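The values are calculated or read from the model by the stated rules, or taken from the named source; none is laboratory data. This one's a predicted model, so the numbers in the text were calculated from it and none came from an experiment. Reconstructed Cβ throughout: ideal geometry from the backbone, glycine too, with neighbour counts over all protein chains shown.
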């Protein structure tokens with residue numbers, strides 16, 4: 001396999017399993033240096049061991065971070081900025097599907113916190129490193145589920161409504177697309193690009209530990225779902241292909257640009273989401289986070 005990613009530094013969240021792990025394996029074969037962001041250090045170290053069975057000479061670093069915690073995210077972004085002069089690619093891959101509502105220490109519903117706010121904060125916190133690269137790229141893993149999503153700005157935290165895991169998940173995936181498109185507009189005069197994608201229905205273990213109808217369906221449909229390696233193809237394409245070097249603000253499926261839902265293209269709502277996200281940041285005055 002071509003090692004055209006030699007000298008490139010890639011940050012991946014949630015790389016210890018599923019699509020993230022398959023993405024990491026493919027990128028190290030191309031010569032990339034990997035920085036894994038994992039919640040569990042033992043699972044992260046195990047992932048590194050497994051990746052090195054694929055590529056023994058892989059250069060991999062592990063940073064522990066709970067992506068539901070703004071304090072953790074701000075801390076890990078600060079560590080990365082202090083450690084690395086530049087980062088070539090940021091892949092926001094980690095996500096959750098929760099059958100029951102959980103609230104983070106920051107007071108946010110956890111699906112919203114991990115699936116949207118973590119993307120938002122990682123992009124902001126690492127933007128200077130991406131701008132320091134010759135051509136920085138941001139890749140946000142979304143889902144076709146965004147087409148079923150809607151955003152209730154009056155109750156994004158599911159405090160007034162009855163919590164629905166599918167509504168929370170699909171809303172967060174819609175946020176991924178809106179955030180990607182709005183961020184691309186913010187970076188229109190910048191050399192950093194940002195795109196998002198649907199990986200397909202992947203046999204990755206995602207949501208199978210939950211106890212609701214969707215998780216049951218996922219378990220029953222396992223034999224009909226695509227492999228993590230196949231599911232990772234579009235993430236890898238967006239992280240590496242010269243064909244997308246100048247492309248930004250697009251939604252991809254099967255390595256091709258497709259039109260997202262009408263609501264995902266609503267830039268007025270995307271701006272509202274951006275403003276809400278900024279308002280929810282718990283700023284650390286010692287860690288500058290700004291465009």
**Item:** Residue selected from the stretch 1-31 under the condition free of Cβ contacts under 8 Å to residues at least 40 places away in the same chain and not in a helix (DSSP H, G or I), by the criterion surrounded by the most Cβ atoms within 10 Å (Cβ to Cβ)
**Value:** 16
**Request:** Could you list all residues from the stretch 119-142 that are crowded, with 24+ Cβ neighbours inside 10 Å and part of a loop (DSSP other than H, G, I, E, B)?
**Result:** 142
**Request:** Determine whether the stretch 180-197 contains at least one residue that is touching a residue at least 60 places away in the same chain (Cβ under 8 Å), closer than 20 Å to residue 13 by Cα and surrounded by fewer than 16 Cβ atoms within 10 Å (Cβ to Cβ).
**Result:** no
**Residue that is modelled with the lowest pLDDT [pool: residues in the stretch 210-251 that are outside any helix (DSSP H, G or I) and either more than 26 Å from residue 120 (Cβ to Cβ) or more than 21 Å from the chain's Cα centre (by Cα) (or both)]** = 221
**Prompt:** Checking residue 166 against (1) touching a residue at least 60 places away in the same chain (Cβ under 8 Å); (2) more than 14 Å from the chain's Cα centre (by Cα); (3) under 16 Å from residue 111 (Cβ atoms), which single condition isn't satisfied?
**Reply:** (1)
**Request:** Could you tell me which of the residues 54, 59 is modelled with pLDDT of 95 or more and exposed (fewer than 14 other Cβ atoms within 10 Å of the Cβ)?
**Result:** 59
**Complete:** Across (1) more than 24 Å from residue 150 (Cβ to Cβ); (2) modelled with pLDDT of 95 or more; (3) in a loop (DSSP other than H, G, I, E, B); (4) touching a helix residue (DSSP H, G or I) at 6+ places or on another chain (Cβ under 6 Å), residue 261 clears everything bar (1)
**Message:** On the basis of being under 22 Å from residue 138 (Cα atoms) and free of Cβ contacts under 8 Å to residues at least 60 places away in the same chain, does residue 34 make the cut?
**Reply:** yes
**Selection from the stretch 73-96 of residues that are surrounded by fewer than 24 Cβ atoms within 10 Å (Cβ to Cβ), touching a helix residue (DSSP H, G or I) at 6+ places or on another chain (Cβ under 7 Å) and farther than 24 Å from residue 240 by Cα** = 74, 96
**Some residue of the stretch 98-110 being in contact with a helix residue (DSSP H, G or I) (Cβ under 6 Å, 6 or more places away or on another chain), in contact (Cβ under 8 Å) with a residue 24 or more places away in the chain and surrounded by 21 or more Cβ atoms within 10 Å (Cβ to Cβ)** = no
